[in-house]
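Since the structure comes first, as structure tokens, the remarks are kept for the end.
The values are calculated or read from the model by the stated rules, or taken from the named source; none is laboratory data. Please read these numbers as outputs of a predicted model, since none were measured by experiment. When we count neighbours, we look across all protein chains shown, and the Cβ atoms used for this are built from the backbone with ideal geometry, even at glycine. Heads up: the accessible areas ignore ligands, DNA and RNA and are worked out on the full protein's heavy atoms, side chains in. Shrake-Rupley method; radii C 1.70, N 1.55, O 1.52, S 1.80 Å.
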4 protein chains.
Amino acid sequence: MTKSRPDAPFSLAADDSFGKSRLRGLRLRLYIIIFESDTPAGKAFDVGVIALILASVAAVMAESVQPINLRYGEQLRAAEWVFTVLFTMEYLLRLYCVGYKMRYALSFFGVVDLLAVLPGYVALLFPGARYLTVVRLLRVLRVFRVLKLAVYMSETTELSRALIASRRKIEVFTVCVLTLVVILGSMMYLIEGEENGFTSIPRSIYWAIVTLTTVGYGDISPRTNLGQFLAAAIMLLGYSILAVPTGIVTAEMSRPHPDKPVPTPAGPPEPPPNYCKHCGGKL
Amino acid sequence: MTKSRPDAPFSLAADDSFGKSRLRGLRLRLYIIIFESDTPAGKAFDVGVIALILASVAAVMAESVQPINLRYGEQLRAAEWVFTVLFTMEYLLRLYCVGYKMRYALSFFGVVDLLAVLPGYVALLFPGARYLTVVRLLRVLRVFRVLKLAVYMSETTELSRALIASRRKIEVFTVCVLTLVVILGSMMYLIEGEENGFTSIPRSIYWAIVTLTTVGYGDISPRTNLGQFLAAAIMLLGYSILAVPTGIVTAEMSRPHPDKPVPTPAGPPEPPPNYCKHCGGKL
Amino acid sequence: MTKSRPDAPFSLAADDSFGKSRLRGLRLRLYIIIFESDTPAGKAFDVGVIALILASVAAVMAESVQPINLRYGEQLRAAEWVFTVLFTMEYLLRLYCVGYKMRYALSFFGVVDLLAVLPGYVALLFPGARYLTVVRLLRVLRVFRVLKLAVYMSETTELSRALIASRRKIEVFTVCVLTLVVILGSMMYLIEGEENGFTSIPRSIYWAIVTLTTVGYGDISPRTNLGQFLAAAIMLLGYSILAVPTGIVTAEMSRPHPDKPVPTPAGPPEPPPNYCKHCGGKL
Amino acid sequence: MTKSRPDAPFSLAADDSFGKSRLRGLRLRLYIIIFESDTPAGKAFDVGVIALILASVAAVMAESVQPINLRYGEQLRAAEWVFTVLFTMEYLLRLYCVGYKMRYALSFFGVVDLLAVLPGYVALLFPGARYLTVVRLLRVLRVFRVLKLAVYMSETTELSRALIASRRKIEVFTVCVLTLVVILGSMMYLIEGEENGFTSIPRSIYWAIVTLTTVGYGDISPRTNLGQFLAAAIMLLGYSILAVPTGIVTAEMSRPHPDKPVPTPAGPPEPPPNYCKHCGGKL
């Protein structure tokens, strides 16, 4: 169960998928440091990168807070440039030392590594884009590899397995919910009208989603009697509907053998064939 | 498991329920194009209809947005007329080529096909009614047939089976919740009174449903101490009550054999009868 | 499974618990009409009572709506008096014809029958009390008996069985949640203070319950940074906590045999003893 | 199943972990009264302590209510001092009579006992701190021991077992949710901006948590079209995500044998070896 499975989204390139076997000398040494964490240097590198990521996300978050920005704005922007340059160098190093460059660049974490540096440069044109550097946080998911916690990996794969196995049911469910929400939203637009905040069908659909998911902001809420009646019906419906995805995922998780997706009780067990020892005949 | 079941709401007329065997010539050819999707023409027809539906729903939604309506209102209303005429022609064609007309007209999708065109004409008298044409969206559920995704069909029937099997439990549950909500709403009307927004018992019941389902808009909320105490009790109650429909559906979904509604462990399995080979007697 | 069980809250006195065997003549005839529904008269009586209950609840609800009250207030109040008198007569008749009077008076529906008439008289002193007559609605739960729907009865007993079986777990859970909510409420009172709406610890506890149950009115919400941080932590906690009662009830409902509360897989099944027919010896 | 398990958080020191065997004379007698509840004196002591705790928490709560504080403020503060002194004496007595002092002081209830008196003294410097004395409420959890309800203990250990067993899955889930929430919050900060209430990234993250957990206060809510679209997507996502922890806990609770974490169906049962009576050979 602790074996990493190739179909899991978090399976990391411990195998040769990035072409480690083709590497020699400096590139191989770099590869072992950057992509693996079995050596002390590799572990230190990973821990350092994670510390940098958390620090850079904290800096971006701090910069968005007005009072902090007014006092430390310049230092924070400077720090962000340092982080962006460091992560760029790391990305280039990864690209340099990897065997199959395209395969890395298009892998899940390859794309995330790129997304972690791009917003820093886009911010030269559109200043707001630098807040998107929080995407770097996705890289922290690598923490599971650094910690070498095989148990966590197996938990993760078990979670993803349950989600993947119930994918189709959730798709059918989502199509039904979206259809329902468009129809209910249009009815409420008709019933409540613009004077009660249902200014358009898209906005009424937004309200229907807010209601059906039981979020219920209250920024838009029905005021007419008929509208409140329909809303109450929608809520009771949402109540039962809420049970469906929970049921799907739970039923999937309760299945005992992750490797064989057969239904639980495998039918009457076949007793082993009995042979009568003294006559040799099958009983 | 991929066999379509007649009791499922999405079972489509691939069989002879619409009287295909009675058709000849043009009607048969039309039937194969319109109702089936095994031929290239049938598939193209279905894909075209779905594209038309999505376009017409998008047009209705766009029209309800004030700024868009001011600029493109006339074009959108013209487009809606085109859509209504097209869907009317399609409905008449379906009626024409089907064998048993009433059986089609009263089937789930037969009613939906009619509802998809009616609001367009009703809108001549009541302009608002045209927003109800979004009901057309229900026809998109046919997409599952077009895509010929037997897997999705089986997922859908499994979902509906679980919901149908737990129907009675959900009915009992709903009657209990409705009774509870009327009593709680009346008590809150007494406690809070009109000055705190609980202007009538029906509105207090609306509040009780908003609270029990954990939607919680906040448009009406208790202000007195006793009211807040009772509301808190209702919420904790709702918390436990929320568990009931989830439990019902989950328990139903965890049942392994969809075709035999027997409880999970079928008791001690019956070993196959053993015969003693050398004496021929049953052991 | 359709056998009514004495421990279920909805088991109705079809047996001799109300002393039917001691009745003779008029009292017996009345008993059969009023308490049973096997005869046409008994069924008609039950259906009539349910119609009266629904009508009286509708009248009370209508009276609370201001515009209706202004127009039809007098008629509605007159109708309520008629209902109260009718239900009083029914209650006295029930008391008269029942064998063991105290046993009926103290049974679940005996108390509900009394509660259904009391508020009408209390309203002479406290006018608001008449709204409490909606308690009559509980009597509609008898509808399950009238409809003779054994299936519903079994569903109901299954639901109550699951709730009763998980009673202790839910009690432990409730004590833990209440403790948590008091401590969190007090902390938020300290952090946010009266200027942000957390005017006292009881009100802060009310806020904590509103938040933990994900109702989230928004009438009170944290404004300080520390308060919002703690609130976010409470929500994520509530998210996981929400899973507990659902898990309890679902696990209980998934148990296959309602009558034997043994855990699902009963261990290796015992094969029936095999005897060798031709030698008579046990194999 | 009613056996108390040492790994459960509520397992109480009925064993020798606090060094009872080393005690003699007065200390032993005090130990039996204070730490155990098998003797009448021990039971009376426990019940008295619980009454004191509930009274002191009620006093703190009452003091925070403005009108009550104005009238009875002095008496309440005096009562709180009495409670604090009493609990201090109790804590010192516990420390005195226990065999291994450090082991008690660092145990779960040892820390809670200390936390129950500390705020009373800290309040001399920071008056607000006295509200933290509600932490005393945690001591009421000892009530389970006093009541000697082995059943409740087993329910409690079963609940904690399920939570502990799903600990790692919940950790993985929490890390994923936190990452998601930071990224979504930053995107909403960019889209909505400060003029719509999303004044900083931390506040936007707070909003994302409020939304994803379906609490939905409505103190901050998206106003732009793009923001409402993204918010609706987050809600539908949260809907499915909500299913995950429920699934985890439910699947854990449905496991039949708490002591053996083997998956439910134990595979084909092994039939007992059959011996042919008339030939003595193993079949």
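To put it simply, the accessible area of the range C:8-149 at a 1.4 Å probe is 74 percent carbon and sulfur.
In whole percents, the pair-distance distribution calculated for the range C:19-97 from its alpha-carbon pairs, binned every 5 Å from zero, is 3, 15, 19, 19, 14, 10, 8, 7, 4, 2, 0. Per residue, the accessible area of the range B:74-228 comes to 41 Å² when a 1.4 Å probe rolls over the protein heavy atoms.
Just so you know, the averaged projected area of the alpha carbon convex hull for the range D:88-232 sits at 13.7 nm². The shape of the range C:57-128 comes out prolate: with a ≥ b ≥ c from the C-alpha gyration tensor, a/c is at least 1.5 and a/b beats b/c. When the P(r) of the range B:8-149 is calculated, the portion above 26 Å amounts to 27% of the C-alpha pairs. A label point on B:Leu54, set 7 Å along the Cα-to-Cβ line, lies at 4.4, 4.4, 6.3 nm from each of its counterparts in the other copies, closest listed first. Couplings 3J(HN,Hα) of the range C:99-108, computed from phi: x, 9, 5, 5, 4, 5, 4, 9, 6, 3 Hz, in residue order, whole Hz [Karplus 6.51 cos²θ - 1.76 cosθ + 1.60, θ = phi - 60°; x for Gly and Pro].
Here the simple spin-label model places points 7 Å from the Cα toward Cβ, and for B:Phe108 and A:Gln66 these points are separated by 5.4 nm. Counting Lys and Arg as +1 and Asp and Glu as -1, what is the net charge of the other residues whose Cβ lies under 12 Å from the Cβ of D:Pro245? In short, 0.
Residue pairs exceeding 20 angstrom between C-alpha atoms, taken from D:Lys20/D:Lys43; B:Lys20/B:Lys101; A:Lys43/A:Lys101; C:Lys169/D:Lys20: A:Lys43/A:Lys101; C:Lys169/D:Lys20. A plus D alone minus the pair: what accessible area, both sides summed, probe 1.4 Å, in Å² to 100? Using a 1.4 Å probe on protein heavy atoms, the buried area is about 4800 Å². For the range A:81-88, 3J(HN,Hα) computed residue by residue from phi via the Karplus equation (6.51, -1.76, 1.60; θ = phi - 60°) reads 5, 4, 4, 4, 5, 4, 5, 4 Hz, glycine and proline entered as x.
Pick out, from A:Phe35, A:Leu54, A:Leu114, the residue whose Cα sits farthest towards the positive end of the charge dipole of the range A:25-148, with +1 on the Cβ of Lys and Arg and -1 on the Cβ of Asp and Glu. Positive-end residue among those listed: A:Phe35. Distances between copies at A:Leu93, taken between label points 7 Å from Cα along the C-beta direction, are 6.4, 6.4, 9.1 nm in increasing order. Couplings 3J(HN,Hα) of the range D:232-239, computed from phi: 4, 5, 4, 5, 4, 4, x, 3 Hz, in residue order, whole Hz [Karplus 6.51 cos²θ - 1.76 cosθ + 1.60, θ = phi - 60°; x for Gly and Pro]. Inter-copy label distances at A:Pro67, using a point 7 Å along Cα-to-Cβ, come to 3.6, 3.6, 5.0 nm with the shortest given first. Here the alpha carbons of the range C:166-254 define both size measures, Rg and Dmax, at 14.2, 49 Å. Label positions at D:Arg27 and A:Glu171, each projected 7 Å from the Cα along the C-beta direction, are separated by 7.1 nm. With a ≥ b ≥ c the root eigenvalues of the C-alpha gyration tensor of the range A:99-143, is it rounded (a/c under 1.5), prolate (a/b larger than b/c) or oblate? Oblate. In this simple spin-label model, placing a label point 7 Å from the Cα along the Cα-to-Cβ direction at both A:Tyr121 and D:Arg223 gives a separation of 3.7 nm.
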